[in-house]
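Notes follow the structure.
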Amino acid sequence: MMAKPSKWKHIIYLVIALGMLVYALPMISFSPGAGWVSAFGMVWAAFAFLVIGAHLHFILGVDAEKQRALEQVRRAKLNEWQRKWAARNEERPSS
């Protein structure tokens with residue numbers, strides 16, 4: 001399956017972020033005695049995972065699926081309101 005042209009930049013950024021993470025993780029010291037270096041490494045890795053997760057979220061189209069589901073709910077509510085409105089108008093006696 002071919003990705004949409006607008007998704008290509010997200011795929012490229014995802015690959016770059018993964019490459020940076022794979023390159024940097026072995027160099028980050030997670031030992032308890034490292035102090036600020038260890039804290040910086042953990043925060044940097046967390047941000048890298050956030051970037052990767054955001055790009056995966058966009059590429060997989062989770063928003064599009066959610067948008068379709070919300071649109072179905074909106075249509076169902078609109079139909080229900082229209083039926084109630086029609087029923088209410090039929091019950092009123094005309095003058």
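The values are calculated or read from the model by the stated rules, or taken from the named source; none is laboratory data. Predicted, not measured: the structure shown is a model, and the values here were computed from it. Every residue, glycine as well, gets a Cβ built from its backbone with ideal geometry; the counts of neighbours run over all protein chains shown.
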Is there any pair with a first residue in the stretch 59-81 that is in contact (Cβ under 8 Å) with a residue 12 or more places away in the chain and closer than 30 Å to L14 by Cα and a second that is of a type outside the set (F, W, Y) and surrounded by 10 or more Cβ atoms within 10 Å (Cβ to Cβ) whose Cβ atoms are under 8 Å apart and which are 6 or more apart or on different chains, and what are they? I59/A3; I59/K7; I59/H10; I59/I11; I59/L14
Of (1) touching a residue at least 40 places away in the same chain (Cβ under 8 Å); (2) surrounded by fewer than 11 Cβ atoms within 10 Å (Cβ to Cβ), L56 satisfies all except one. Which? (2)
Given the conditions (1) within 30 Å of S6 (Cα to Cα); (2) surrounded by 12 or more Cβ atoms within 10 Å (Cβ to Cβ); (3) not acidic (D, E), report the number of the one that K66 does not fulfil. (2)
Given (1) surrounded by 10 or more Cβ atoms within 10 Å (Cβ to Cβ); (2) farther than 30 Å from G19 by Cβ; (3) not hydrophobic (A, V, I, L, M, F, W, C), where does R88 come up short, assuming only one miss? (1)
Please pick out the residue among S38, S29 that is more than 18 Å from H10 (Cα to Cα) and touching a helix residue (DSSP H, G or I) at 6+ places or on another chain (Cβ under 6 Å). S29
How many residues does the stretch 1-28 contain that are modelled with pLDDT under 90, exposed (fewer than 14 other Cβ atoms within 10 Å of the Cβ) and not basic (K, R)? 10
